Structures are given as structure tokens and as C-alpha cells.
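Working notes, beginning with the structure itself.
The values are calculated or read from the model by the stated rules, or taken from the named source; none is laboratory data. Because the structure is predicted, anything quoted here is derived from the model rather than measured. Neighbour counts run over all protein chains shown; Cβ positions are idealised from the backbone, glycine included.
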Amino acid sequence: MSVLVVGYGMAGARLAAELHARDRYLPVTAIGAEPHRAYNRILLSGVLAGKLAEPEVTLAEPAGRGVALRLGVTVTAIDRAARTLSTSDGDRIPYEHLVLATGSHAVLPPIDGLAEPLPDRVAVFRTLDDCRRILATADKSASALVLGGGLLGLEAARGLALRGLRVDVVHAVGHLMERQLDPAASAVLVGTLAGLGVTVHLGAATTRVSCDSGGVTAALADGRQLAADLAVVACGTRPETALARTAGLTVERGIVVDDRLRTSDPAIFAIGDCAQHAGVVGGLVAPAWEQARVVADVVTGTASRYRPPAPVTRLKATGIDLAALGASTDHDGELLTFADPSRGTYAKLLVRDNRLAGAIMLGDNPAVGTVIQLFDRGTPVPEDRRALLLGRTGAAAPAADSPALMPDAATVCQCNAVTKRALLAAWRGGARSAPEVVAATRATTGCGSCADAVHGLVEWLSNQEDPA
Amino acid sequence: MAQVATHCPYCALQCGMTLRQAAGGRVDVGTRDFPTNRGGLCQKGWTAAELLDHPDRLRTPLLHGEPVAWPVALDFVTGRIRELQAAHGRDAVAVFGGGGLTNEKAYALGKFARAVLGTRYVDYNGRFCMSSAAAAGIRAFGIDRGLPFPLADLGRADTLLLVGANVAETMPPLGRYLTEQTEHGTLIVIDPRRTETARRATLHLQPTPGTDLAIALGLLHIAVAEGYVDRPYVAARTTGWDEVAKAAAAWWPARVERLSGVPAEDLYAAVHALGRAERAIIVTGRGAEQHAKGTDTVSAFINLALALGLPGRPGSGYGCLTGQGNGQGGREHGQKADQLPGYRRIDDPAARAHLMALWGVPDLPGAGVSAVELIDRLGTADGPKALLVFGANPVVSAPRASRVARRLRALDLLVVADFFRSETAALADVVLPTAQWAEEDGTMTNLEGRVLRRRALREPPPGVATDLAVLAGLSARLGYGGRFDAEPRAVFEELRRASAGAPADYAGVTWERIDAQDGVFWPCPGEDHPGSPRLFSDSFPTPDGRARFVPVDHRPPVEEPGPGFPLYLTTGRVLAQYQSGTQTRRVASLAATAPAPFVELHPDVAALLSIVDGEPVRVVSRRGAAVLAARVVDTIRPDTLFAPFHWPGINALTNDALDPTSRMPEFKVCAARVEKLT
């Protein structure tokens, strides 16, 4: 048996690793159009921000025999009848199981001046090469325009801002990340971005992008002109389906697959951004990796079905902390919200049937880990919703400061299990100083952290006996 | 009146204490200002002497439950051993030791197994304790010494990260160092419960059980992204960075957050605190180690420490907190299935030749199997037919405990040396009453690798023998031609020669030097060598002198919650009990503090099942069930139950899945449910 993987991005590389983990002698060939070793696409904004160097976004690859890589090679055609495919370097490769992990490509919106090949000062933000292209210009730039206020656009904007560029984000819709956020969350996020040096223009349709040696100018529908040294286009992505379509596989928005990630040809699977399962096309890593796991099971003979992980969009980077889960823009259900715009905080929970149906959390919210796990697991939401919305305080119940207020049964010294009652008994038994109370009870003789409390108690008892 | 300076019998902190013979036969415990405990003692230490004249104490050997004279008991044991070995071969007899035995006893037990019985079947309860940290330490540093620096360094650390270590309950006087440390520095605790230790922390990460490895990878990921990797150190002092960095690239903070439930923000805060500190220390405990991936988890935290350039940097480093009193020395001198004294490998021809010459035997058996595997084979067709247990109570302490009792019952001969009739002794054909800590001399090696002196205050009571005397008596009856001393000092002298030139080299340690310098840190290859309080300052004891990064990846627990078993169950200790409770459950004041087992559960779980605090509930896993008092606390995660393991029954629930490297059982996580009793 052998497996041929077309595409060596996050999904394809993961599949190779999953297959290798199940059977290290299974022949796997992966064909990657990009010339690079597998890298972690979601870390590219870190590269853009100058936080990570290129080698640090490289993914671990299965070592040793089994996996053959052909990088910088594109697949030109699939001959399903012969079960072979043709490559750009003139090869014909037979396959037994074929997995398409061709990913997606950046969309260029129909705006005047945005057409391949893009001018030097304009780039999309999708691949490591895109990243290099942006950086080549960014190093000589003081300002940048980002077209698109979705997740990718905001990641690019934040990265460039962290490099010290003044950034303008132009978004055609009335609020940011409209697929994940509601207008209130967007308003808070706009404020957060302003603090990072990013100006957001909402409801602003770009009509034309023009370039000259001095910079880039975006003309907006309302007549404004925004100028910068560099422009990044982040207006969405589209599944890469050309190869599948040409081969006659069923393609809608993506390559249509069933619960075993099979396409309309049972010898061919599709995973990751190029695949469409139950009407949904990808874009996130978690589903792509889960799909890789299922395909690895299926081709190695283990029964397995793909169940899409709950959709979680998470942006956590210097200055921005954002999580959007599930039906985050819906309102029908039990709705809880909290907003503190001046501190960049916004939280919204949508509960249906006592389960979390969606959530938005902006700003550092200590509940974010708990909320994501509740959502992922579909476990019942606790009765006390406040803790979920705002985060448990995490602090212990405040200790009674005054020895007088401490209940008699309270343990003062954990190490020696000494209660306030025992300390009082020592006092009544004649111990009249801290050392005497310690000798009688052994309080403070373990870790010593209760010394202040014991001394305070003795002082309080002394004062009570000695009415000043 | 007699008085001696000795150490507490319980945990690996080995607090210095004095024992005084008071009027009326009573023994008084006093504090002693020793570098480890700085005069502190917890309730267990203060009350340790109450067991010396406890009414439950065994004072005569028991043969099938009936009191017999020593010669009768020993003759019976050796007679059966001869018969069983004649019928089934030398491996028909197995030996099971403990991490509480002195160095001399641990050494003698290993020698007894290999040189006298000639069996390959010897292992010990330290397998349940230190094996994961030991395996990871050896593969990174070439050596396994719990803390490669003195305890005092903990107090001076600018940032201290404790992973799965609840020292406030497990070694309370160590809290003195935490107090010192938190006065100026940042204390970070990783624990699924807000323990007494976590309460004292500046930052508490409260992960889903079984996700520590992912957290370590995430912390390393952030250390790379935030520029905290010590590039010159990595280049000059380590190998293997590139592969480890790639593994960490796949564990970006949001992914770790989703898996562990720890907010990414807290992961960043932890890395900033570690990365910015002049002196930073990372310490793991059983919470991270007692997993079927414990070794890899420790490796992941060692990788983080190496990336930050900590090991060998003054005041910084990685360490693990050894649990049992002589957990360190006990794993160095030959109780482990694959080791000879001095941490020598049993498959090393030079090591074998050294010990064969010293012990005067023409051959030695090869490697045996680890504790759980050994227990699994007991009384089977091909397995050992007899077991001798010294200083352990596996019926309570081993995972999936009901199976352990079944295996022990299948034996032809079970011999248990103990001072109480433990749950394991209750199943024994022969019980041999042995001396307690205040009745014997010897050495212990504490969690710092500091060799200490245990000093006898008094003779064992009539009818009671020391473990060494028992082993010497058995050896003589079995016709061992070599020397087998019952005197601890003579055994220590032999141990010095046995360990000379080995990784754990005690050759230069003498009892006089221990007395003169508050203990001697190994390795100490000669009497003119000062001992080694701090390791790794110039190089690592690996072939190329460099520390090794080991690429590891996260994997889920062997058992995840699901239908029928929706919660995680984790186990641990409470302050007033120790290990299987054989000793501490018999001390009245400790029993008053911690009288019975319990299960901690979150108020959300309690509300769902209408359980109130204190109500008895049934906790069920795939292997067993236990009825425990509910303790409803908001200090635990809502998806997690916690039960202390000092009582019989708790380990009926735990998972005996093993770590592939260390053979550590997965004590710290399994799937369970809690039921209301009707």
C-alpha cells in the first residue's frame, strides 16, 4: 500500500506525520508546490512582527524512512482511470490512495489596480513567500495599508504595527471580523488596535489602488485617499480546487467529502482548506488536523469518522487577546454580556439548552480557557454564569485578618494542624508569650508561614487581658 | 539520658531532628537546625516517635499468622526458597524493596537478590515515584540526582516554577524556602488544584489533568517567540536543539490553551517571569511525572530549562522533588531491575565484572522487569513463585490494587519484613518484624543528593531484628560464600567500594565526613574530594559533555473522560498522612487530622448530582469503585476529582498503564464518575 499526498502545508504535513506514526514503513509521497519544508502558517504573523525567524516556524517532520518529499513541484493533472498523476517536472506518479491537501489561495477583490502580477509595494498575506515579500518592503517603510479587517488582515496589521509601522486598516463592512464578532465587540477591538498604532476605517469600500515609486494610494468610495509605503491585501481566501475540478471530482465551494474525507472518487481524499465537509469549507487548523487523523486511520484500516471540532477563532498576541466561538454573532438564546471599553474588555456568552452555543471574549479574560473547554466538550454550563463571563477570581477566600474575627475552628498552622481553638487553649493553659504558645502547640514550626498570624493572636490576647 | 541527632523517618527532605530517651521509656522529638529544614518539622515528624512502642508493633515473626522463633521463621523461608528454586529455577524468587530503606539496606537487598538468590527479579516501590524523573534526567544530563543544587538555591530564585508539586503538604518545612523566595521573587505553580502551595503562588496555572506536556511545549514555544532562548548556551552546552524547536513550533499558545484550559495570557506571564529572571529554577513533582508519558513530560520541562540556559547557571537549574525518605539513595544502589550499585547499568560488562569481583560470584543475572510488570507475573506459570517484600506495601500503593492482592495470593511464598502488619503483610506466609528508624544506624541520601546519617537512639525491642540482620541471616542459611554484613557501617564501607568510579560515586563519603560537614553531596570520588553540591557548572556527565535536548510531543492520557466516566480522577497526598499510611494511620494525632479518605469535587459537579459536603459518595473507574466522603471545594477544576492515596481502596481506581520508558504507572489521571449513594 502507498499514499500520495498533494500539498505539503499544515494539513499535508500533518497527514504525513500521522501516517508515519501509525506505520513507519508505509510509503508516503508528499508533493508540495512551495519550495519550503513544512512550516506553521499560523505563526507567519509572528514572522511579520519580527518575533520569530523563519527556522522557528518550521514544523517537525517524520524522520527516517517512509516519507518522500517532492517540493517546489506542482501537480498538473490527475488520471483517475489510470490512477496516476502528472507533475510540473514531467513525471507520472501512480497512486493507490491519493489525498488532496491543496489548501487555499488569497482572493484579490475586484478593485481597480489589484491584478496579478501585483506591483512591488502590494502583497497578499498567505504564504512564507508572501511574508518575505511584505518584509522586503516593510523594512524600508514607515506606514502600511491593510485591505481587509478579517482575522488575517488584523494579524498582518498587528505584525506590521509591532515593527513600528503606522497602519491603516480599510474594511468594507461596518464592523471588524463580521463573521466572528458583533458590532459591540468590534467597537472595543477598534479601540484596542488604536492603542497599538492601527487606525481602522470601517464601512470603507476601496475603489482603486495605485502605486508609484513613492508609495501606494487607496482611493475610497467616499472620496478619501489613504497613502502608505506598502499595502497588504487580506480579503479572504478561496479553496484551491482547480486540480480536483479538472479531474471531474464533485466540487462546490470546496472539494466535497464525506465523513471519511472521501471525495466523489473513493480512491481520492481531500483534507484541509480545500475540502468541503457537510457544507463547510475549512480555514482553521484544528479541523484540518482532525481530518488528517481520520484519513490516516481510514487508509491504514482503522474505522474512523470525521466529526468537525467546534469552531474556535483565537487571536492571542502582544496587545490583542480575542476569542470567538461557535455562533458568536447570534443573539437568540440566553445572552450574557459584559463590556468595559476603556479597558479593552468585552465578553459575550450565548447559552442554549444549558450549553454554550457561542462566545466572544476580548481582552485578557481569565475565564477564556474554561469557556473554550466548556464549548469544545459541550458540557452543561454551571448555574453561576458570572464566573464564566468574568473569570473566577482565582484568589482564596480572604483570610480573616483580625484574630478576633477568625472562627475558633480555623486552622492557623497547616503543617502542625493547629487551630485557633488550640492556640486559645494554650493561652488559657498558662502560655503567655509567642514562644510559649509555640512550645505548647508546635504552631509555626513547619514552614513558618503562619508566624505573623500566631504572633498577632498572642498580641490580641495580651491586649485583651491588659485593658489599657 | 541518651540523645541523638538524626533525621525524620518520612519524606526526602530528611528534616534534621533530635531524639531523646525520656523518663518512662518515652522518646521525645526535638527540632534541629539542619540546612534542609532550618529547624522546622511538620506534624508527621513531631509525632514519629509515637510508633516506636505502638501496641500494633510486631515483636515476633509470624508463620501463617502464628508467632514463631526467628530461627524457625528463617529456616522456613530459606527451605521454601530452596525448594522453589530447585523446582523452577533461580528466577522463581523475586524481591521487592522500598524507597524508605537506608542506602545500606537498599544495597544489601540488591546484593541479596543478585548474588545470593541469583534472581533477576528485583524492583522496588520507587518505580511508582521517581522513575520518570530519573529516566528523563539521565537522558538529558547523563545523571539522575533529584536536585543538582542545594535547597537553599530555591529560596534565592527570582522565579521558581513548581510543576505538579504540592510541597506545602508533601514536605511542609520546605515552605520556609518558598517564604524566602516569594518575598522577592515570582512563584509559579502548575496544578489542577489550587493547593496550599498554589495558594502561595504569584501565578497559578490550573490545567486539565494529563496536559502538562503540552504546557511545557507551549512555554517553550513562547520562549522562542519572545526571544528568551539562550543561544550561546544552546550552542556551547547542548545538542539536539533544532528538532526540539520544531516540535515546539506546533504548540502555539492558543492550541495549548484549548487543550489545557490554561489561559494563553498566563502561559505568556510564566515565560516572561522565567525568561527575565537572573536566577530561575524549574522543578517537577509527581503530578507531572506519574503518567504513562511522565518521562516525556519531564523531558519537555528539561528542554525548556535548557533553552533558557538554566542548568549549570549559578542559582538556576532544573530539579525534581524526590518523594520517599531515601528515594534518591534507594534508586542508586541496586534495587532497580536494571541497575547495579552506584547507578551502574546491569548490562554494562565492566560494571558486572566489578560487582562479581566484589561479591565473589562467578555470574550475575541480567535485567529484570519493573514493579508493575513484576507484580503482574507473580504466581503465573512462568513467573516468580515467591516474593520477599522489604519496606513496601504494594497492596495499597500499586495501581489497580485489587489485581495486586490477587497476584500476591497466587504465590507459593510471600515474605514481608515490616514493623506493622500492613495490608501486604496481612497476606504473607511469613512476617518478619523489623527495626524502626530510631533503632538503626545508616545513611540516607536526601532530595539534594546529600548523604546523611541516621543514628540509632536505642536497641530494637526484644524479638525485633534489623533488615540487615534478616538479610544476613537468610544469606548464611542459603549458603552464600561471600561476606554479608549485618552491621550498617561495614555495609556502607562495601557500598563505597561498590560505587567507586560509578555515576553515583560514594567512594569518598565516610560517616565521619557526613558528621563533620552536615552531609556529603555525591558524586564524591575520593576522601580528598569536597563532594558536589552543585552539578553541571562546567560540563554534563554525558560522553560529549553536553546536555541533550530530547524531542518529545504531547499525547493524551491513556484514558480520557467519556460516556459513563465523564470526569478526570487524580490522586495525591495530604499533609498528615504518608504513603500507604501503614505508619501514619497508626499515629493518633495524625489520624485525628486526616481520619479518613475523601474525594474532592467542584461545587458545579456537586450541584449537578445534589451532593452535599461530607456526604459519602461512590467514585467509580473502569477498574474499581470506592466509597469516599465528598469534599465540595472550589479549589479543584469542575472536570476533575481528587482523592488522596494513603488508604486502601483508592488505588483500586487508578490506571496501571505504564510509561514506555520509565514503566511509571498512570496514577495521576484516569476517567471516573461520582455517584450519589441511594
Enumerate the pairs (first residue in the range A:310-336 and closer than 30 Å to A:K51 by Cα and without any contact (Cβ under 8 Å) to a residue 60 or more places away in the chain; second residue anywhere and assigned to a loop (DSSP other than H, G, I, E, B) and of a type in the set (D, E)) with beta-carbon separation below 6 Å, excluding pairs fewer than 6 apart on the same chain, so at least 6 apart or on different chains.
A:D321/A:D364
When you scan the range A:306-313, do you find a residue that is buried (at least 17 other Cβ atoms within 10 Å of the Cβ), over 15 Å from the mean Cα position of the chain (by Cα) and either of a type in the set (D, E) or more than 14 Å from chain B (Cβ to nearest Cβ) (or both), even just one?
yes
Given the options B:R139, B:R120, B:R193, name the one that is among the charged types (D, E, K, R) and either over 24 Å from B:P660 (Cα atoms) or crowded, with 24+ Cβ neighbours inside 10 Å (or both).
B:R193
Enumerate the pairs (first residue in the range A:377-390 and within 8 Å of another protein chain (Cβ to nearest Cβ); second residue anywhere and of a type in the set (K, R)) with beta-carbon separation below 8 Å, excluding pairs fewer than 6 apart on the same chain, so at least 6 apart or on different chains.
A:T379/A:R355; A:P380/A:R355
Scan the range A:22-36 and tell me whether some residue there is within 14 Å of another protein chain (Cβ to nearest Cβ), of a type outside the set (S, T, N, Q) and in contact with a Leu (Cβ under 6 Å, 6 or more places away or on another chain).
yes
Just checking, does the range B:575-583 include any residue being surrounded by fewer than 23 Cβ atoms within 10 Å (Cβ to Cβ) and outside the structural domain of B:P192 (by TED's automatic domain parsing)?
no
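Mind telling me which of the residues B:P648, B:P595 ends up being away from every other protein chain (no Cβ under 14 Å), over 18 Å from B:K676 (Cβ atoms), under 27 Å from the mean Cα position of the chain (by Cα) and assigned to a loop (DSSP other than H, G, I, E, B)? Spell out the reasoning first.
Working: B:P595 fails: away from every other protein chain (no Cβ under 14 Å).
Checking each option against the conditions leaves just B:P648.
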Taking B:E169 and the conditions (1) away from every other protein chain (no Cβ under 14 Å); (2) under 21 Å from the mean Cα position of the chain (by Cα); (3) not in a loop (DSSP other than H, G, I, E, B), which numbered condition does it fall short on, given that it satisfies the others?
(1)
From the set of residues in the range B:244-277 that are over 29 Å from A:E18 (Cβ atoms) and in contact with a Ser or Thr (Cβ under 7 Å, 6 or more places away or on another chain), which is farthest from the other protein chains (Cβ to nearest Cβ)?
B:A277
Residues of the range A:137-185 that turn out to be small (G, A, S) and either on the phi > 0 side of the Ramachandran plot or under 20 Å from the mean Cα position of the chain (by Cα) (or both), as a count:
10
Is there a residue being within 14 Å of chain A (Cβ to nearest Cβ), within 26 Å of the chain's Cα centre (by Cα), in a loop (DSSP other than H, G, I, E, B) and farther than 22 Å from B:R145 by Cβ anywhere in the range B:535-549?
no
Within the range B:222-243, identify whether any single residue is facing chain A (nearest Cβ under 9 Å), farther than 23 Å from B:E278 by Cβ and in contact (Cβ under 8 Å) with a residue 24 or more places away in the chain, and answer yes or no.
yes
Which one is nearest to the other protein chains (Cβ to nearest Cβ) among residues in the range A:332-364 that are surrounded by fewer than 23 Cβ atoms within 10 Å (Cβ to Cβ), touching a Ser or Thr at 6+ places or on another chain (Cβ under 9 Å) and under 21 Å from A:G191 (Cα atoms)?
A:D364
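Given A:A417, A:A404, which one is more than 28 Å from B:L608 (Cα to Cα) and either in contact with an Asp or Glu (Cβ under 6 Å, 6 or more places away or on another chain) or without any contact (Cβ under 8 Å) to a residue 24 or more places away in the chain (or both)?
Of the residues listed, the single one that is more than 28 Å from B:L608 (Cα to Cα) and either in contact with an Asp or Glu (Cβ under 6 Å, 6 or more places away or on another chain) or without any contact (Cβ under 8 Å) to a residue 24 or more places away in the chain (or both) is A:A417.
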Between a residue in the range A:41-60 that is at the interface with chain B (Cβ under 7 Å from one of its Cβ atoms) and any residue that is assigned to a loop (DSSP other than H, G, I, E, B) and among the polar types (S, T, N, Q), which pairs come within a Cβ distance under 6 Å, given they are 6 or more apart or on different chains?
A:V57/A:N40; A:L59/A:N40
Matching option when the condition is out of contact with any His (no Cβ under 7 Å at 6 or more places or on another chain), farther than 21 Å from B:T542 by Cα and crowded, with 24+ Cβ neighbours inside 10 Å, among B:H291, B:H333:
B:H291
Output the residue which, of all residues in the range B:342-392 that are closer than 16 Å to B:I138 by Cβ and within 18 Å of the chain's Cα centre (by Cα), is surrounded by the most Cβ atoms within 10 Å (Cβ to Cβ).
B:G342
Just to verify a result, which residue in the range B:578-592, among those that are among the β-branched types (V, I, T) and in a loop (DSSP other than H, G, I, E, B), is farthest from the other protein chains (Cβ to nearest Cβ)?
B:T582
Scanning for something on the phi > 0 side of the Ramachandran plot and assigned by TED's automatic domain parsing to the domain that holds B:E83, does the range B:295-315 turn up at least one residue?
no
Only one of (1) farther than 21 Å from B:F128 by Cβ; (2) more than 10 Å from chain A (Cβ to nearest Cβ) does not apply to B:L608, and that is (2)
